[in-house]
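Visitor: This is the structure, below, for whatever I ask next.
A short reminder: the numbers here are calculations on the coordinates, not readings from a lab. In this text the structure is predicted, and so the values were computed from the model without any measurement. Note that each Cβ is placed from the backbone with ideal geometry, even for glycine, and that neighbours are counted across all protein chains shown.
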Amino acid sequence: MTLTIAIDGPAAAGKGTLSRRIAEEYGFHHLDTGLTYRATAKALLDAGLPLDNEAVAEKMAREVELAGLDRSVLSAHAIGEAASKIAVMPAVRRALVNAQRDFSRKKPGTVLDGRDIGTVVCPDAAVKLYVTASPEVRAKRRYDEIIAGGGAADYAAIFEDVKQRDERDMGRADSPLKPAEDAHLLDTSEMGIEAAFQAAKVLIDAALKKI
Ligand code: CDP
Ligand code: CDP
């Protein structure tokens, strides 16, 4: 028996932070599915291949290894932009979703975070969370992250970027970002990381009692 937890939501809502905390607490495997799109995009960029050829991008997507995906080597802005372009391609999504589904069956449990986990990748997940926060709060979080890392950041530019990413994620035809009908909404605009985790824990513990 495997317990699968699906965590979806827009950029910088706190999905990754919450997922890692849950995985650590329960000893579950975690997959940040955004990294699968980023790894595909990076492979295309590194090979000098076009980002608008679906067959070429699909081939790259099939070769992505889920083990060892590391956000620190995939975090470049250009990779994020390229990832969000190839994420609209149905053949790319099919290839990555297949690999994500295989991952979700690992024992004793898995946490997957992304945009379409509760709706498409794992529609039967035992717990589905849709994590949101206002675009202003999310842009501020990204801004703070860059400043904390010693970088220079422009809040207005980040805010525009967050809004554009939302439009692309929510507006695409294949697997748009939206809450699953049975997802629990968690608005973290005024919620710290620990409070969000406690809210998730109540739902996960209830699901664990049922299996
Ligand atoms: O994975 P996602 O893009 O949804 O967001 P994240 O990388 O988990 O979180 C983005 C930033 O917001 C991180 O620096 C978190 O520490 C911070 N955060 C926060 O301040 N309060 C929360 N409730 C959740 C995340
Ligand atoms: O770049 P950002 O932090 O907003 O997102 P990410 O989680 O690193 O994901 C990179 C790109 O992959 C985003 O533009 C998403 O649109 C896309 N993605 C997706 O389409 N489906 C997922 N399950 C996860 C990410």
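Visitor: Can you compute the FRET efficiency between residue 205 and residue 43 using 1/(1 + (r/R0)^6), with r the Cβ-Cβ distance and R0 = 41 Å? Round to the nearest 0.05.
Guide: 0.55
Visitor: What are the ³J(HN,Hα) values, in whole Hz, obtained from phi via the Karplus relation 6.51 cos²θ - 1.76 cosθ + 1.60 with θ = phi - 60°, for each residue of segment 172-186 in sequence order, with x given for Gly and Pro?
Guide: Each residue's phi maps through the Karplus curve to give 6, 6, 8, 6, x, 5, 7, x, 5, 4, 9, 7, 8, 8, 10 Hz.
Visitor: For segment 54-61, take each phi angle, set θ = phi - 60°, evaluate the Karplus expression 6.51 cos²θ - 1.76 cosθ + 1.60, and give the result in whole Hz per residue in order, putting x for glycine and proline.
Guide: With the stated coefficients, segment 54-61 comes to 4, 5, 5, 5, 4, 4, 5, 4 Hz.
Visitor: Between residue 71 and residue 106, take the C-beta separation as r, use R0 = 25 Å, and let me know the FRET efficiency to the nearest 0.05.
Guide: It comes to 0.80.
Visitor: With a cap of 12 neighbouring Cβ atoms within 10 Å, and only residues DSSP puts in a loop, list the GluC sites (Glu not before Pro) found in segment 172-201.
Guide: Taking segment 172-201 and a limit of 12 other Cβ atoms within 10 Å, the loop GluC sites (Glu not before Pro) found are 181, 190.
Visitor: Determine ³J(HN,Hα), in whole Hz, for all residues of segment 29-35 in sequence, where each value follows from phi through the Karplus function 6.51 cos²θ - 1.76 cosθ + 1.60 and θ = phi - 60°; x replaces Gly and Pro.
Guide: Taking θ as phi minus 60°, the curve returns 7, 10, 10, 8, 5, x, 5 Hz for segment 29-35.
Visitor: Shifting gears a bit: If amide hydrogens are placed 1.01 Å from N in the peptide plane, which non-local residues have theirs closer than 5 Å to the one on residue 184?
Guide: 128, 129, 130
Visitor: Excluding residue 1 itself, calculate the net charge of residues whose Cβ lies under 14 Å from the Cβ of residue 1, where each Lys or Arg counts +1 and each Asp or Glu counts -1.
Guide: +4
Visitor: Could you size up the charge dipole of segment 25-113 around its Cα centre, putting +1 on the beta carbon of Lys and Arg and -1 on that of Asp and Glu, and report it in debye to the nearest 20?
Guide: It works out to roughly 280 debye.
Visitor: Please provide three numbers in whole Å: the alpha-carbon extents of the chain along the principal axes, with the largest listed first.
Guide: 50, 36, 30
Visitor: Another question, then. For the chain, what is the relative contact order in percent, using Cα pairs closer than 8 Å and at least 6 residues apart in sequence?
Guide: About 33 percent, as a whole number.
Visitor: Could I ask something else about it? Mind jotting down a quarter of the surface of the convex hull over the alpha carbons of segment 33-107, in square nanometres, one decimal?
Guide: Computing the convex hull of the Cα atoms and averaging its projections yields 4.6 nm².
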